Structure formats: C-alpha cells, structure tokens
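Here the structure is laid out as structure tokens; the discussion comes afterwards.
The values are calculated or read from the model by the stated rules, or taken from the named source; none is laboratory data. In this text the structure is predicted, and so the values were computed from the model without any measurement. Cβ placement follows ideal geometry from the backbone for every residue including glycine, while neighbour counts extend to all protein chains displayed. SASA here: full protein model, heavy atoms, side chains in, ligands and nucleic acids out. Shrake-Rupley method; radii C 1.70, N 1.55, O 1.52, S 1.80 Å.
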Amino acid sequence: MSDIAANLARIRERIAEATARANRPAGSVQLVAVSKTHPAAAVVAALGAGQRLFGENRVQEAAGKFPGLRAEWPELRLHIIGALQTNKAREAVRLADVIESLDRPKLALALAQAMQAEGRRPALLVQVNVGEEPQKAGIPRAEAADFLRACREEHGLPVAGLMCIPPAEGDPRPHFAWLAALAARHGLGVLSMGMSADFEAAIECGATHVRVGSAIFGARG
C-alpha cells in the first residue's frame, strides 16, 4: 500500500509531461485510477494520496467497495469501465457517476429505463471497437455514428463522449485519432482512451481521461 502514493505521483508527472508536449492546457487530462480486483484498502491509500476518480470493471465489485467510502470522501467519483450486462444496468446507474461501456442498443434501452426508475442520470460514454476485434466489446466503427444518434435522440441518454481500447499490438495512435475525429464530428467533449501502456500516446491524440490500473496499484489481485 505504501507504494501507491509514489506510483500515483509518477503517473501524474508523466501525464503532466505528455500534456505539455502535446501543447495542451495543464490539467486538461484526468486520471481514472482503475482499482478493479484490488481491495478497498488500496482505494483508501489512493484517496489518501489525493486521488478522487476511480474505475471499476464489475458492478458487483464496485458495490462492495464504494458506497461506504463515499461517506468519508463525498467528492469521490466512480466510473464503470467494464462490459455491462443489461440486468446490471439499474445498479450501475445507482452507483456510478460515469458509465464508460455503452456499446449496444439493448444496453441503451436498459440504461434509459434504469435512469427513469432511479431518478439518476450518470454521464455515458459510448465504447467503440476501434480495432474491429471480435473478442472485444464495443460498437463497430461503421455503426458508431448511427448508434450515437439513437442513444441521444431516441433514448434521450446523456452521452458525454467516447471510449475505446485499441489493439494491444501496433501503434495505437491511428485508433485514438479516429475516435477523436468521431467525437469532434458529434460535439462530444469526453475521450476516455489510453491505459498504463499507451496513455501518453492517447494524450497526444486528445484524450481527456486516461485509465491507469497496474502502474498505480500493481499486479491485479
């Protein structure tokens, strides 16, 4: 746990340096500390080091960690970043400040119904499968524009931006640049792209949020 504060400091420094290299304003990139599979004590250590924005893959895991922590740190913000089942939509809406993994029409409908039932409207990011990889979640590139319009116009969803996970092999920059261009065409201000191995490239291409887990918390539990 003692390493978490030092790791956070290093990542923040690298984010600041990458932001400056890209000639972007200081503070224009937010760090999402991905605490999936790590215990609540690790989140507490990060909170003690000033981190307030966290990402979790699984709704069930987030439900076990974060409601209790919010009482002591009310400024804590939670992003759900993993694949979301429709039967977990209502709990995700209840827990999260942002849901980054909106990726199919059935989930759009489930989230619209959950928001109506819960009276909460967390911001949503549409996840795009930029590498067209069959093993990954995300709306296909060719369907992304129509899906965005349906989410906003048919379901009235609060879509704030886009998210992607590029292929592990090769240069991620073309994928990041494609997503940034799509966001610009649709007037979306949030771009969640870049993880521990490629967040500096993502910042170069316009990321507003980077999702970093292992470089902060160590190997997954």
Out of all the residues in segment 84-131, which are closer than 21 Å to F54 by Cα, in contact (Cβ under 8 Å) with a residue 40 or more places away in the chain and not hydrophobic (A, V, I, L, M, F, W, C)? E100, S101
Could you list, in sequence order, all residues of segment 168-197 that are loosely packed, with under 15 Cβ neighbours inside 10 Å and under 16 Å from I99 (Cα atoms)? G189
Suppose we filter segment 12-48 for residues that are among the aliphatic types (A, V, I, L, M) and under 17 Å from G194 (Cβ atoms); how many remain? 10
What do you reckon, is V93 within 15 Å of the chain's Cα centre (by Cα), more than 26 Å from R149 (Cα to Cα) and of a type in the set (V, I, T)? no
Residue count, segment 1-31 (criterion: out of contact with any strand residue (DSSP E or B) (no Cβ under 7 Å at 6 or more places or on another chain) and either assigned to a loop (DSSP other than H, G, I, E, B) or open to solvent by 30 Å² or more (accessible area, probe 1.4 Å) (or both)): 20
Please verify whether segment 203-210 includes one or more residues that are under 18 Å from E100 (Cα atoms), of a type outside the set (K, R) and either more than 16 Å from the chain's Cα centre (by Cα) or open to solvent by 40 Å² or more (accessible area, probe 1.4 Å) (or both). no
Among the listed residues Q30, Q60, which satisfies the condition of being touching a Leu at 6+ places or on another chain (Cβ under 7 Å) and closer than 28 Å to A92 by Cα? Q30
